[in-house]
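The values are calculated or read from the model by the stated rules, or taken from the named source; none is laboratory data. Worth saying up front: this structure is predicted, and the values here are computed from it rather than measured. Neighbour counts run over all protein chains shown; Cβ positions are idealised from the backbone, glycine included.
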Amino acid sequence: MANVLVLGSGLVGSLIAADLALSPGFRVSVADAHQSSLAKTHRRTALLANSRKRPHARVTEIVADCASKTELKRLAAGFDLVVGALPSRFGFETLKTLIELGVRCVDISFMPEDFLELSTFAKRKQTLAVADCGVAPGLSNMLAAAAARALAPCDRIEIMVGGLPTDRHWPFEYKAGFSPHDVIEEYVRPSRVVEHGKIITREALTDRELISVQGLGSIEAFLTDGLRSLATTLKVPHMKERTLRWPGHVELMRVFRESGFFSTTPIAVGDQMVRPLDLTAALLFPKWTFGEGEVDLTFLRVIGEGISKGRHVRMIFEMLDRADLANACSSMARTTAFPATSIARSIARGKLKARGVLAPEHLISYPGIMKTVLADLKVRGIEVHCEIEEAAQSAPH
């Protein structure tokens, strides 16, 4: 029996806990600072158990400050595996603390730090951590690595991904399927891309392009810092990741950013010192929150371009997923949680034996892991399709 602790019981963490609790051979606990968040796990587990026609599994709920290093050390003691689903600002220190304890872990937080810096430390502690285990980063990394391995050589990798509301409402035509603070972080963090084999930095919200997606129409693509570990782990001369939103979003967010609304530097407002970001968050987030019954979708496209059997080809992976209203699961929660739970099961069941810190793209080197992830997603209604087409041989850009 694998004894697993999930840190965070938000939109994604609660689904991670529920999915693992319904996996044979797992005993699951979930920790969160708010009892109201923990209640989501209880409801979600009951819904999933009913839809999967399985006995209702119990998840032990723990009220605790997961961001506290002292509290985390107390919490993690005795668990075989910990899955981190905390906001990005807590990700790196949480990962470091778990490694220090020698506890195996899977993490989905969009941490700004380079988690691979902890790999030597993890090897010394004889433990394993797999970070960035969501949809993008996460599944996108695995698909990019698969394309890079299949093409010899692979000249270009491009990732395009976004979570969108199905119904578009003025003024934003957007709602956040994960931590809104992390959404804004994407708009201010410089974007790393690889051009001619060198890592360079571009401003976020640039390189805007309208792309066409069958069944959805035109979507706006723009640069964000989504390559992350891929920028150094894959030897592909041209790589970039772009986020997707309904058209018009880029211009609106650029106006907010350039006007200072995303700044974390306090300014004087009357006799109060206020961080503009906090005010922006207070005003925006209620409008960016999905209401009951609202449907979101997640679209992912990973393109690898290079040579296969002497032909210049383009390998295209695509995934389109929509919310599961019957189980009160948003698409972003589903597509983020289920890659993480698949990897967690592989670790707990001894199918993934390694030491150190791994990025998702490393997993394709371990026999059967990527196949298991894709199979687990398909069982849960998320399918990844692959097509290979002829490509005109031209210099990537």
- Item | Test: Ala340 is touching a helix residue (DSSP H, G or I) at 6+ places or on another chain (Cβ under 7 Å), touching a residue at least 24 places away in the same chain (Cβ under 8 Å) and more than 20 Å from Ala146 (Cβ to Cβ) | no
- Message: Just the residues that are surrounded by fewer than 18 Cβ atoms within 10 Å (Cβ to Cβ) and touching a residue at least 40 places away in the same chain (Cβ under 8 Å), please, taken from region 317-326.
- Response: Arg322, Ala326
- Any idea how many residues of region 170-229 are within 25 Å of Thr336 (Cβ to Cβ), without any contact (Cβ under 8 Å) to a residue 12 or more places away in the chain and assigned to a loop (DSSP other than H, G, I, E, B)? 1
- Would you mind stating whether Leu284 is touching a residue at least 60 places away in the same chain (Cβ under 8 Å) and within 30 Å of Ala150 (Cα to Cα)? no
- Does Asp155 fit the bill of being in the same structural domain as Gly293 (by TED's automatic domain parsing) and surrounded by 21 or more Cβ atoms within 10 Å (Cβ to Cβ)? no
- Message: Is it the case, given these coordinates, that Lys53 is charged (D, E, K, R) and either touching a residue at least 24 places away in the same chain (Cβ under 8 Å) or not assigned by TED's automatic domain parsing to the domain that holds Thr127 (or both)?
- Response: no
- Is at least one residue of region 292-307 among the hydrophobic types (A, V, I, L, M, F, W, C), outside any strand (DSSP E or B) and either touching a Ser or Thr at 6+ places or on another chain (Cβ under 6 Å) or farther than 27 Å from Pro153 by Cβ (or both)? yes
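Here's the yes/no breakdown for (1) farther than 28 Å from Arg44 by Cα; (2) assigned by TED's automatic domain parsing to the domain that holds Pro153; (3) among the basic types (Lys, Arg):
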position: Phe317; (1), (2), (3): yes, yes, no
position: Pro339; (1), (2), (3): no, no, no
position: Gly350; (1), (2), (3): no, no, no
position: Arg355; (1), (2), (3): yes, no, yes
position: Leu363; (1), (2), (3): yes, no, no
position: Tyr366; (1), (2), (3): yes, no, no
position: Val373; (1), (2), (3): no, no, no
position: Cys386; (1), (2), (3): yes, yes, no
- Residue tally, condition within 30 Å of Ala323 (Cα to Cα) and assigned to a helix (DSSP H, G or I), over region 114-169: 9
- Which number in (1) within 27 Å of Ser14 (Cβ to Cβ); (2) at pLDDT 95 or above marks the one condition that Lys287 misses? (2)
